[in-house]
Amino acid sequence: MNDMRIVERTVSTDTAKMTARRAQVYYGDNHALKDVDVDILDKTVTAFIGPSGCGKSTFLRCLNRMNDTVASARVMGEIKLDGEDIYDKRVDPVVLRAKIGMVFQKPNPFPKSIYENVAYGPRIHGLARGKAELDAIVETSLKKAALWNEVKDRLDAPGTGLSGGQQQRLCIARAIATSPEVLLMDEPCSALDPIATAQVEELIDELRSQFSVVIVTHSMQQAARVSQRTAFFHLGHLVEYGETGQIFTNPKDPRTESYITGRIG
Amino acid sequence: MSVGLISLIVLGLAALGFFLGRQKALSSVKGDARLLHSLPSYYGWSVALFTAVPAMLVMIVWLFVQPTLLETQVASTIPAENIAASGNISLVMADVRRIADGLDLVAARAGLDEAGIDALRADFSDLRGRLAEVGVALGANVDGAILAAAKEYRTYSNSLRLGMSVVVLLAALIGAGFAWMRISPDLRARNLVEQFTMALLIGCSLIAVATTAGIIASLVFETWHFFQLYPAKDFFFSLTWNPQFRGGSDLGLWPLVWGTMYVSFISLVVAVPIGLMAAIYLSEYASPRMRATAKPLLEILAGIPSIVYGLFALVTVGPLLRDWIAGPLGLGNSSSSVMTAGLVMGIMLIPYVSSLSDDIINAVPQAMRDGSFGLGATQSETVKRVVIPAALPGIVGAILLAASRAIGETMIVVMGAGAAAQLSLNPFEAMTTVTVKIVSQLTGDTEFASPETLVAFALGLTLFCITLALNVLALVIVRKYREQYE
Ligand SMILES: Nc1ncnc2c1ncn2[C@@H]1O[C@H](COP(=O)(O)OP(=O)(O)OP(=O)(O)O)[C@@H](O)[C@H]1O
Ligand SMILES: [Mg+2]
């Protein structure tokens, strides 16, 4: 398998789903994210790469206002979803997060059964009428997350009893069960074996037909395989953002080049 | 030598052993500590522990055995007619002990030596008067045989004390010598200290377990006594509680258990919802500053002695309920009622529930909440569906603790609910609980061996069984519904 194979770069649309302009994040006095401008395109997979601690997760959490739950975090600048400022006072973060799903860096299944974990979102948003529909949502979500075959006989077992990689796929299933418009994935494959990784990457590619996907990854190969757009972060700055093929074959910034060739990070 | 002095000497020996042991270990490798198996101080500790621990153990055992030895030895010298005169050997022995102590005081005041004490005679030297001068009042003149026994008691106890000093110090020296001899660079002193530490910890937990077992054993023993004087069938199945001063009492358990349950139930109905909601507010909604002020304030409530709550029940809540609720509704005209005690006890329990639950809710990992928020859940949905289920075992524990306090509470019941045992559904009537009756039966002036007094132990055992059952029940509930996070 040629790992650096570049997937076809056709981007279905060029409309921006989310736009960030001069986005800043402070944790107390720590300026963690500086002047980030990004357009996340509709029906596209965008990869965020960069060394540890450069602010990838921080920026991801800005996109669905999860930083609101961190007391010390302050977000400035402008972030829009479909042309609407998501930090506007009139926007309800709860509604926003239902539209922008998230898979966290560390798997965090609820201490409930596998079924209840996946059914959680559909239940609180009233997406299913009746038990049969809910069952169907749970089943398709688990199938998409490549977990169905492993858990179909023990849907009542606690989700916390699964292995780390299975838990992460459960969290993916949980996130796609609410059918969000944008899916944010923070290192979804860091605990997965190659087979499950390939399945999740397949899922990401499949999801692209319905949503925008943003994926944070430390694997250059993965970024090259699954994404159409890549953003490289370094020390809180967005260094370079562009078409994945261009970033990996012909980076403009010397820092990007040394990172992808393994000299920094 | 007194116990304190012996302990001090043993500790001094241990300290000395520490330095000598450390010294020997170091000098055995010519000061190069790297050649030793363990750090030098561990060798010191191994000697110190071998010096102090066996010696202290010997002393503790000796102190436990000494009184029994003394009693049997002295009791055998007392003539049978003296025992018959006071009716009971333990009464005679109590006199002997008091006189023996008194003799010490008399000797100290009059500057008598051993020979002088020996010369004291019951019939000549107005012993009763002299003993009274030093604060030992006796009911009758000192009998010659008793005085002899007291003298015997003194000498024997002195020699036992001396024996103890010798044995304990010998044990310390032998232990120190043994440990000191063993020191060599290869001795695994570090592991030795580790094992000693573990043994110490095990010992401490054993003490806790043994105490519990002892308490239960004494309860069971006295209860068994009670059931020999009073039929168990009546205790468990009679519905009246009516102790009589001169026998023929009805000692039915149910009115008291009913009162306990009723009062506890009302107090939990007050305390659990309020306490839980306060905890949820504090841990999930309140700003850190709000939390920092509100939590200590709530905990002050927990520090108020229950008798103060009792006053509050007696003076304020009771009359208020009578005049505004019970009276107008025609439910009764007593100011002490189950409702009064239950309400006030509930207020007392709020901080128990809230403070513990707050800690437990805070221990639920933030990642759980993030997961829920990330799916678009609101704060209250997150609390209801994720946080509370994850915290449930701890919350049940907190409620259980509150329930045990409610069941064991006495003061508020006496002052709020009265002392009349009855079976009634009306919450505005006076009732009483098991604990209140335990106190009143034990402090009554009936003699100790009567069923009216011994029933207190049966009641205590019942209470113990109830709380035990509650604990087991809670454990089962928690096992069944627990949603465990890592
Ligand atoms: N909750 C927080 N409170 C305070 N500082 C934070 C918090 N989260 C992140 N930071 C800081 O923000 C900076 C960026 O962190 P971030 O988690 O975004 O890094 P990352 O790029 O996701 O790294 P990694 O690849 O290791 O996950 C770091 O310096 C970190 O210390
Ligand atoms: Mg991260």
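For chain A, the relative contact order works out to 28 percent when only alpha carbon pairs closer than 8 Å and six or more residues apart are counted. Cα centroids of segment A:156-228 and segment B:350-399: 28 Å apart. Going from the chain on its own to the full set of protein chains, segment A:87-117 has these residues losing 10 Å² or more of accessible surface (heavy atoms, 1.4 Å probe, no ligands, DNA or RNA): A:Val94, A:Arg97, A:Met102, A:Phe104, A:Asn108, A:Pro109, A:Phe110, A:Pro111, A:Lys112.
Where the accessible area of segment B:141-261 is counted over protein heavy atoms with a 1.4 Å probe, how much of it, in %, is carbon and sulfur? Carbon-and-sulfur percentage of accessible area, whole number: 69. Shown in residue order for segment A:159-167 are the 3J(HN,Hα) couplings computed by the Karplus curve 6.51 cos²θ - 1.76 cosθ + 1.60 at θ = phi - 60°: x, 6, x, 7, 6, x, x, 5, 4 Hz (x for Gly and Pro). Phi-derived couplings, Karplus 6.51 cos²θ - 1.76 cosθ + 1.60 at θ = phi - 60°, listed residue by residue for segment A:220-229: 4, 4, 5, 4, 5, 5, 9, 9, 9, 10 Hz, with x used for Gly and Pro.
Find which of B:Ser380, B:Ala430, B:Gly332 sits farthest along the positive direction of the dipole of segment B:241-485, computed with +1 on the beta-carbon of Lys and Arg, -1 on that of Asp and Glu, about the Cα centre. Comparing the listed Cα positions along the dipole, B:Ser380 ranks first. Which part of segment B:160-203 falls in the paramagnetic zone of B:Lys30, meaning amide N under 18 Å from the point 7 Å along Cα-to-beta-carbon? Label zone hits: B:184-186.
So which residues of segment A:65-80 lose at least 10 Å² of accessible area, probe 1.4 Å, when you go from the chain by itself to every protein chain present? SASA drop of 10 Å² or more in segment A:65-80: A:Met66, A:Thr69.
The long axis of helix A:194-207 is offset from the longest Cα principal axis of chain A by roughly 80 degrees. Here segment B:409-486 and segment B:290-329 have alpha carbon centers that stand 22 Å from each other. In the protein assembly as shown, a dipole from Cβ-located charges (positive for Lys and Arg, negative for Asp and Glu) runs towards its positive end, and of B:Ser28, A:Asn30, A:Thr15 it is A:Thr15 whose Cα lies farthest in that direction. Its residue count N sets the reference 2.2 N^0.38 Å, and the alpha-carbon radius of gyration of the protein assembly as shown equals 1.43 times that reference. What a 1.4 Å probe finds exposed on segment B:286-326 is 75% carbon and sulfur by accessible area, rounded to a whole percent. Counting only residues at least eight positions apart within a chain, or on another chain, the aspartates and glutamates with an alpha carbon under 18 Å from that of B:Lys24 are B:Asp32, B:Asp186. Treating each Cα of segment A:5-148 as an identical point scatterer and summing with the Debye formula, the log10 of I(q)/I(0) at q = 0.09 Å⁻¹ comes to -0.37. Listed by number, the DSSP H helices of chain B that run 30 Å or longer by alpha-carbon position along their axis and have mean Kyte hydropathy of at least 1.0 are B:3-28, B:40-75, B:189-229, B:254-280, B:338-362, B:451-481. For chain A, lysine pairs separated by 8 or more sequence positions, or belonging to different chains, with Cα-Cα distances below 12 Å total 5.
Using the Cβ-Cβ distance between A:Glu139 and A:Lys106 with R0 set to 25 Å, the FRET efficiency works out to roughly 0.45. Suppose R0 equals 56 Å. What FRET efficiency, 1/(1 + (r/R0)^6) with r the Cβ-Cβ distance, do B:Met1 and B:Asp250 give to the nearest 0.05? E between B:Met1 and B:Asp250, to the nearest 0.05, is 0.50.
For segment B:1-47, carbon and sulfur atoms together expose 70% of the accessible surface, with a 1.4 angstrom probe and every protein chain in place. Across all directions, the shadow cast by the convex hull of segment B:259-304 built on its C-alpha atoms averages 3.6 square nanometres. Computed with a 1.4 Å probe over protein heavy atoms only, the accessible surface of the protein assembly as shown comes to 49 Å² per residue. Across peptide A:159-167, the mean count of Cβ atoms from other chains lying within 10 Å of each residue's own Cβ comes to 1. Overall, segment A:74-126 carries a charge dipole of about 240 debye about its Cα centre when +1 sits on the Cβ of Lys and Arg and -1 on the Cβ of Asp and Glu, all other atoms neutral. Show me you know the interface measure: the accessible area buried between B and A, both chains summed, probe 1.4 Å, in Å² to the nearest 100. Approximately 1800 Å², summed over both chains. Relative to the first principal axis of the alpha-carbon coordinates of chain A, what is the inclination of helix A:130-144, with its axis defined by its Cα atoms, in degrees from 0 to 90 and to the nearest 10? It works out to around 50 degrees. Classify chain B as rounded, prolate or oblate from the Cα gyration tensor: take a ≥ b ≥ c as the square roots of its eigenvalues, call it rounded if a/c is under 1.5, otherwise prolate when a/b beats b/c and oblate if not. Oblate shape, in that a/c is at least 1.5 and b/c is the bigger or equal ratio. For segment B:3-187, the Cβ-based charge dipole about the Cα centre amounts to some 940 debye (Lys, Arg positive; Asp, Glu negative; other atoms uncharged). Distant-in-sequence amide contacts of A:Val103, defined by a placed amide H-H separation under 5 Å and a gap of 5 or more residues or a different chain, comprise A:Leu184, A:Met185, A:Asp186.
Under a 5 Å amide H cut-off, with hydrogens placed 1.01 Å from N, A:His234 pairs with A:Val239 among residues at least 5 apart or on other chains.
For segment B:42-138, the list of chymotrypsin sites (Phe, Trp or Tyr not before Pro) that fall in a loop by DSSP and count at most 15 other C-beta atoms within 10 angstrom reads B:Phe124. Rounded to the nearest 20, the Cβ-based charge dipole of segment B:93-133 about its Cα centre (Lys and Arg +1, Asp and Glu -1) stands at 160 debye. Using only the Cα atoms of segment A:169-256, build the gyration tensor, take square roots of its eigenvalues as a ≥ b ≥ c, and label the shape rounded, prolate or oblate: rounded if a/c is under 1.5, else prolate if a/b is larger than b/c, else oblate. Prolate shape, in that a/c is at least 1.5 and a/b is the bigger ratio.
The values are calculated or read from the model by the stated rules, or taken from the named source; none is laboratory data. Just so you know, these numbers come straight off a predicted model, no measurement behind them. Backbone-built Cβ (ideal geometry, glycine too); neighbour counts: all protein chains shown. For accessibility, only protein heavy atoms count, side chains too; no ligands or nucleic acids. Shrake-Rupley method; radii C 1.70, N 1.55, O 1.52, S 1.80 Å.
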